[in-house]
Amino acid sequence: MALPVVVTYNVGTGNATSIVNAAAATSSPLTLATTFMPNFPLQQRVLVTSTGNDSSLFFRIVGLNQAGFTVSEFLPGTNATFAQSSLDYAKIVSIQGSSSSTALVPSATANTVSAGVSTTGGVGSSMWNIVNWHAMPSNISYGCILQSNNATFSIQYTYDDPNNLPPGVTVPTAFNHPIITNATASIDGFSNDPITAWRLTVSAGTGIIRAIGIQTGIGSP
């Protein structure tokens, strides 16, 4: 039997201006107040807040995930509200307005822009854990233990290969586990059909969760 994969994860707290503190309207990279996320070296989503109407542009976010690899995305801007990144970051390298969603074309923001995270514990996901999709049968058991404090969490899985996405796909499509979804206490469940990878996602709270995934088979891919 393959060795279990153990993920210990929690989302840190901060504030909406902890990464960028109300940067004035500009087409240059926003001035960063800090580069590290609140729960460094773990990763979580970033909130970008516009005080003006930035719905016609995109914010190109470049950073590092908790494995130290560069990750980036073009986050659609908003009109006097916030947008949440699709990817998770442990460190931010730059945030800049762009008129294009596929290549950086610097574009000025309408007014001040801030970036940060939720004050009460935002959203974040662990790294994707690649499974052995050649194993027969394809059985994975999950155990999620809420070790401290409060949190709402889910096991998510994907059929995409996170390391080899097809053209035009920027993030793996994540599906919620049918049992371990929006859980608030220790829980277990299983997957009996082939998947490519799984992860732990926290949608609220700052509690520490230990997630264990054990797959049948004699080794990993």
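Computed from the coordinates by the stated procedures, all read-outs in this text should not be read as laboratory data. Keep in mind that what you see is a predicted model, and the values were worked out from it rather than measured. Positions of Cβ are generated from backbone atoms using ideal geometry, with glycine treated the same way; all protein chains shown enter the neighbour counts.
Looking across the stretch 174-221 at every residue that is of a type in the set (A, V, I, L, M) and part of a loop (DSSP other than H, G, I, E, B), the one that is farthest from the chain's Cα centre (by Cα) is identified as I218. The combined condition, being touching a residue at least 24 places away in the same chain (Cβ under 8 Å), part of a loop (DSSP other than H, G, I, E, B) and not aliphatic (A, V, I, L, M), is not fulfilled by P166.
Okay, residues lined up against (1) in contact with a Pro (Cβ under 6 Å, 6 or more places away or on another chain); (2) in contact (Cβ under 8 Å) with a residue 40 or more places away in the chain; (3) over 24 Å from I155 (Cα atoms):
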{"residue": "T26", "(1), (2), (3)": "no, yes, yes"}
{"residue": "Q66", "(1), (2), (3)": "yes, yes, no"}
{"residue": "N111", "(1), (2), (3)": "no, yes, yes"}
{"residue": "S126", "(1), (2), (3)": "no, yes, no"}
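Taking the criterion of being closer than 14 Å to S125 by Cα, of a type in the set (S, T, N, Q) and assigned to a loop (DSSP other than H, G, I, E, B), the residues of the stretch 1-40 that qualify are N10, N39.
Within the stretch 64-80, can you find the residues that are assigned to a loop (DSSP other than H, G, I, E, B) and touching a strand residue (DSSP E or B) at 6+ places or on another chain (Cβ under 8 Å)?
Passing the criteria: N65, G77, T78, A80.
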